[in-house]
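K.L.:
One structure is given below, represented as structure tokens, and several questions about it will come after.
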Amino acid sequence: MLRFQEDRRRAREAEDPMAAVCVLATVDENSIPQARTLVLRDIAEGLAIYINASSPKWQQCQDMVAIQTWWPSVQVQYRMHVRCQELPAQHIADSWQLRPAAPKNLDWLYEQNAQGNAVKDRNDLLAQLERAPKPEPLVAPPGARGLIIMPQKIERLDLNQANGVHDRCSYSLHAGEWTQETLVP
Ligand SMILES: Cc1cc2nc3c(=O)[nH]c(=O)nc-3n(C[C@H](O)[C@H](O)[C@H](O)COP(=O)(O)O)c2cc1C
């Protein structure tokens, strides 16, 4: 993870827009893979993602999931198998206040109409957003959630090699110990 953080720091320094995000891959209830881009946050405990419990991905994150990053600026890809642990409600209550207005309003709409549900059209969506009941003062709704990412297996692929042969390493966690292997790239 120190290596991940160092590579990510270099990507951020190079103003790589991909440094802010990851791809979260899950398997849905029909065994179909689902992947989507999420902001990958740094918090005191490590890496975290913020998602809404009304989305099917919330349930899908209760088991092992995959996280992937690719930073073109430093030519490094990471693939991880991770377990997730729910962030405490107090953390969500505090961090949710930092969200811009539109996502805050959407989080309250999800309490009535789950993320991913179909609406008639965009005008209908905007009208629903207007009408969705919100508390005063505005606080995080119950569905606003966050997960700490706990990697169990990490694979790093570094394309930036002078001889053109990519460097591929795998790190696995067993009984609290990490082991490292070099893989055929
Ligand atoms: C750059 C970028 C960042 C995103 N960040 C988040 C995020 O932090 N949390 C989130 O729930 N969705 C985020 N999304 C939207 C997701 O990719 C996705 O469309 C949404 O969560 C619905 O996914 P679902 O169908 O799995 O529920 C982001 C999308 C992009 C393109």
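K.L.:
Quick check on my filter: what residues within the range 35-47 are aliphatic (A, V, I, L, M) and within 10 Å of the ligand (Cβ to nearest atom)?
P.N.:
Result: A35, L38, V39, L40.
Residue by residue, here is whether (1) within 30 Å of S55 (Cα to Cα); (2) in contact with a Gly (Cβ under 7 Å, 6 or more places away or on another chain); (3) in contact (Cβ under 8 Å) with a residue 24 or more places away in the chain; (4) in a strand (DSSP E or B) holds:
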residue: R99; (1), (2), (3), (4): yes, no, no, no
residue: N105; (1), (2), (3), (4): yes, no, yes, no
residue: A114; (1), (2), (3), (4): yes, no, yes, no
residue: V165; (1), (2), (3), (4): no, no, no, no
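K.L.:
A follow-up question, please. Of all residues in the range 116-134, count the ones that are assigned to a loop (DSSP other than H, G, I, E, B) and either open to solvent by less than 40 Å² (accessible area, probe 1.4 Å) or at pLDDT below 95 (or both).
P.N.:
Total meeting the criteria: 3.
K.L.:
Go through (1) open to solvent by 80 Å² or more (accessible area, probe 1.4 Å); (2) more than 13 Å from the ligand (Cβ to nearest atom) and name the single condition D7 misses.
P.N.:
Looking at each condition in turn, D7 falls short on (1).
K.L.:
I'd like to know if the range 65-86 contains one or more residues that are closer than 27 Å to I149 by Cβ, of a type in the set (G, A, S) and assigned to a loop (DSSP other than H, G, I, E, B). Give the steps one after another, and end with the answer.
P.N.:
Step one: of the range 65-86, the residues closer than 27 Å to I149 by Cβ are 65-86.
Remaining after also requiring of a type in the set (G, A, S): 66, 73.
This time we only want the ones that are assigned to a loop (DSSP other than H, G, I, E, B), so: 73.
Within the range 65-86 (the criterion being closer than 27 Å to I149 by Cβ, of a type in the set (G, A, S) and assigned to a loop (DSSP other than H, G, I, E, B)), the answer is yes, since at least one residue qualifies.
K.L.:
If you don't mind, another one. For P137, indicate whether it is open to solvent by 80 Å² or more (accessible area, probe 1.4 Å), in contact (Cβ under 8 Å) with a residue 12 or more places away in the chain and in a loop (DSSP other than H, G, I, E, B).
P.N.:
Considered against the rule, which asks whether it is open to solvent by 80 Å² or more (accessible area, probe 1.4 Å), in contact (Cβ under 8 Å) with a residue 12 or more places away in the chain and in a loop (DSSP other than H, G, I, E, B), P137 comes out as no.
K.L.:
Looking only at the range 15-34, count every residue that is touching a residue at least 24 places away in the same chain (Cβ under 8 Å), open to solvent by 60 Å² or more (accessible area, probe 1.4 Å) and more than 8 Å from the ligand (Cβ to nearest atom) and tell me the total.
P.N.:
So the count comes out to 4.
K.L.:
Here is a further query. Suppose we keep only residues that are out of contact with any strand residue (DSSP E or B) (no Cβ under 6 Å at 6 or more places or on another chain), closer than 29 Å to L40 by Cβ and part of a loop (DSSP other than H, G, I, E, B) within the range 140-163. Which one would you say is most open to solvent (accessible area, probe 1.4 Å)?
P.N.:
Per the stated criteria, the residue is N160.
K.L.:
What pairs can you find where one residue is in the range 41-68 and more than 21 Å from R3 (Cβ to Cβ) and polar (S, T, N, Q), the other is more than 8 Å from the ligand (Cβ to nearest atom) and outside any strand (DSSP E or B), and their Cβ atoms are less than 6 Å apart, with a gap of 6+ or different chains?
P.N.:
Sorted first by the residue in the range 41-68, then by its partner, the pairs are N52/Y110; N52/G143; S54/Y110; S54/A114; S54/G143.
K.L.:
Inside the range 60-100, can you point out the residues that are open to solvent by 30 Å² or more (accessible area, probe 1.4 Å) and aromatic (F, W, Y)?
P.N.:
W70
The values are calculated or read from the model by the stated rules, or taken from the named source; none is laboratory data. Given the structure is predicted, the values throughout are model-derived calculations rather than measurements. Note that each Cβ is placed from the backbone with ideal geometry, even for glycine, and that neighbours are counted across all protein chains shown. Ligands, DNA and RNA are stripped out before the accessible areas are found, and what is left, the full protein with its side chains, is counted by its heavy atoms. Shrake-Rupley method; radii C 1.70, N 1.55, O 1.52, S 1.80 Å.
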